[in-house]
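Rule-based calculations on the coordinates, nothing more; no lab input. Just so it is clear, the structure is predicted and the values come from calculations on it, not from any experiment. Glycine gets a Cβ as well: all are built from the backbone with ideal geometry, and neighbour counts include every protein chain shown.
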Amino acid sequence: MSKTITRTPEKTEVLGECLAALLQPGDIVVLEGDLAAGKTTFVRGIVRALAGDPADVSSPTFVLVQSYPCRARQIRAVHHVDLYRLTDRDPRALRETGITDLLDETDAIGTIEWPRSELVDQFGTNRRVWHVVITILEDGARSITIGPPAP
Ligand code: ADP
Ligand code: MG
């Protein structure tokens, strides 16, 4: 578990780049934190580091998922999922979006904002799941905790 304080969006993005260096094909990154905490900014850093185009990375809130082709270390893509607007709690609704299938790809990285237990639990022990928790501090800085996958 590592904890870092970032004081600018650029530093949040750099931390995403640092995590990307540790990612392997098939890894899942779950991001928790309030609205505007910096989750999407962190994902932008991951995409940049894996040779995708970070300029494209915006909040996928309205489309639920965006995929960025990558070409680094056998990692073919980064899928960026945001479940904030998926109000339907039925697990079938999630499956119908196609998100479940995308996250099954073992040659891609799956990143998930506003994760749901039914989605995260399905990964079981055969996938490496990283937990990133971002908190907005009183002075506006961000506290970012990165929890590595269980060994
Ligand atoms: P989320 O996806 O969690 O809703 P965003 O990544 O869209 O949040 O970021 C929300 C805002 O916070 C953006 O304007 C971003 O530039 C800013 N931000 C990110 N990290 C920091 C930081 N360490 N200090 C100040 N602002 C930050
Ligand atoms: Mg976001």
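A few notes on this one:
- Net charge over other residues, Cβ less than 12 angstrom from the Cβ of Ala150 (K, R count +1; D, E count -1): +2
- Shape of the range 85-151 from the C-alpha gyration tensor: oblate (a/c of 1.5 or more and a/b not above b/c, with a ≥ b ≥ c the square roots of its eigenvalues).
- Taking Lys and Arg as +1 and Asp and Glu as -1, the other residues whose beta-carbon sits under 14 Å from that of Leu31 total -2.
- Ranked for footprinting exposure by Cβ neighbours inside 10 Å, fewest first, Val132, Val63, Val43 give Val63, Val132, Val43.
- Shape of the range 54-122, Cα gyration tensor, a/c cut at 1.5: oblate
- Gaussian network model of the chain, springs between alpha carbon atoms under 10 Å - residue of Thr125, Thr135, Thr106 with greatest fluctuation: Thr125
- The residues neighbouring Thr6, those whose beta-carbon lies less than 14 Å from its own, together hold a net charge of +2 under the Lys/Arg +1, Asp/Glu -1 convention.
- Cα-Cα separations in the chain greater than 27 Å, expressed as whole percent: 15
- Maximal additional length on extending the Asp139-Thr106 stretch stands at 7.9 nm, based on 0.36 nm per residue less the C-alpha distance.
- Computed over the chain: relative contact order in percent, which uses C-alpha pairs under 8 Å that are six or more apart: 34
- The residue among Leu64, Thr100, Ile134 whose Cα reaches farthest toward the positive pole of the charge dipole of the chain, with charges on the beta-carbon of Lys, Arg, Asp and Glu, is Ile134.
- Overall, the range 1-112 carries a charge dipole of about 300 debye about its Cα centre when +1 sits on the Cβ of Lys and Arg and -1 on the Cβ of Asp and Glu, all other atoms neutral.
- Going from the residue with the fewest nearby Cβ atoms within 10 Å to the one with the most, Lys11, Lys3 rank Lys3, Lys11.
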